Amino acid sequence: MKVELKGWKAVVVIIIVAVVVIFRYQSQTKELNTQGAKEVERWMFYDYARKALPAMQKAMADPKNNKEYLEKSAHNLTTAKFEVLSITRHGLGDEAVAKVTIKFKEGGSEKGTKTIYLKMTHSLVAGWRVTFETGKISYYLAAF
């Protein structure tokens, strides 16, 4: 059996494929702005905790003299020190590079904004996940 798509049938098939691709891209973009933002916040928290851990381990060697430092560190780890302002993405399908703008806060005072680029993957079961931090070039190359 041979299927030939010519004329108006080919146009209909192209339109259907385009609508499916656009719908999938739009639904992933909406999900990226909600679930993706939560995943970025989780990744930032883990990254911050990973950087703070060596200093906390040194302080725990002498906990009596470093009680205030340890309490402050524990408080800082449990409170949000940043806010995701925007997420945009380049790439089609289940892999994308996201440009994330974050506003940092330290003790109630603004510490400025920073733009980071994150490689993200999407699955129907797990949703959006941050794979690793990448560079600006990867973000713009993913557009092609």
Could you list all residues from the stretch 53-71 that are loosely packed, with under 13 Cβ neighbours inside 10 Å and of a type outside the set (Gly, Ala, Ser)? LEU53, PRO54, GLN57, LYS58, MET60, ASP62, PRO63, LYS64, ASN65, LYS67, GLU68, GLU71
Are any of the residues in the stretch 81-89 surrounded by 14 or more Cβ atoms within 10 Å (Cβ to Cβ), modelled with pLDDT under 75 and not hydroxyl-bearing (Ser, Thr, Tyr)? yes
Taking interchain pairs and intrachain pairs at least six residues apart, which have beta carbon atoms under 7 angstrom, with the first residue in the stretch 64-85 and in a strand (DSSP E or B) and the second modelled with pLDDT of 75 or more and not aliphatic (A, V, I, L, M)? PHE82/LYS103; PHE82/PHE104; GLU83/LYS103; VAL84/GLU41; LEU85/THR101; LEU85/LYS103; LEU85/THR113
List every residue pair whose Cβ atoms lie under 8 Å apart, where the two residues are 6 or more positions apart in sequence or sit on different chains, the first residue falls within the stretch 36-47 and is surrounded by 15 or more Cβ atoms within 10 Å (Cβ to Cβ), and the second residue, located anywhere, is assigned to a helix (DSSP H, G or I) and modelled with pLDDT under 80. PHE45/LEU77
Mind checking which pairs have a first residue in the stretch 97-118 that is in a strand (DSSP E or B) and a second that is among the hydrophobic types (A, V, I, L, M, F, W, C) and modelled with pLDDT under 75, Cβ under 8 Å, 6 or more apart or different chains? ALA98/LEU32; LYS105/ALA80
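Quick grid of which residues meet (1) at pLDDT below 80; (2) among the hydrophobic types (A, V, I, L, M, F, W, C); (3) under 30 Å from ALA18 (Cβ atoms):
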{"residue": "LYS51", "(1), (2), (3)": "yes, no, no"}
{"residue": "LYS72", "(1), (2), (3)": "yes, no, no"}
{"residue": "ASP94", "(1), (2), (3)": "yes, no, yes"}
{"residue": "GLU110", "(1), (2), (3)": "yes, no, no"}
{"residue": "LYS114", "(1), (2), (3)": "no, no, no"}
{"residue": "ILE137", "(1), (2), (3)": "no, yes, yes"}
In the stretch 14-31, is there at least one residue being under 19 Å from THR115 (Cα atoms) and modelled with pLDDT of 70 or more? no
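The values are calculated or read from the model by the stated rules, or taken from the named source; none is laboratory data. Computed from a prediction, not measured in an experiment: that's the story for all the values here. All Cβ positions, glycine included, derive from the backbone under ideal geometry; neighbour counts span all protein chains shown.
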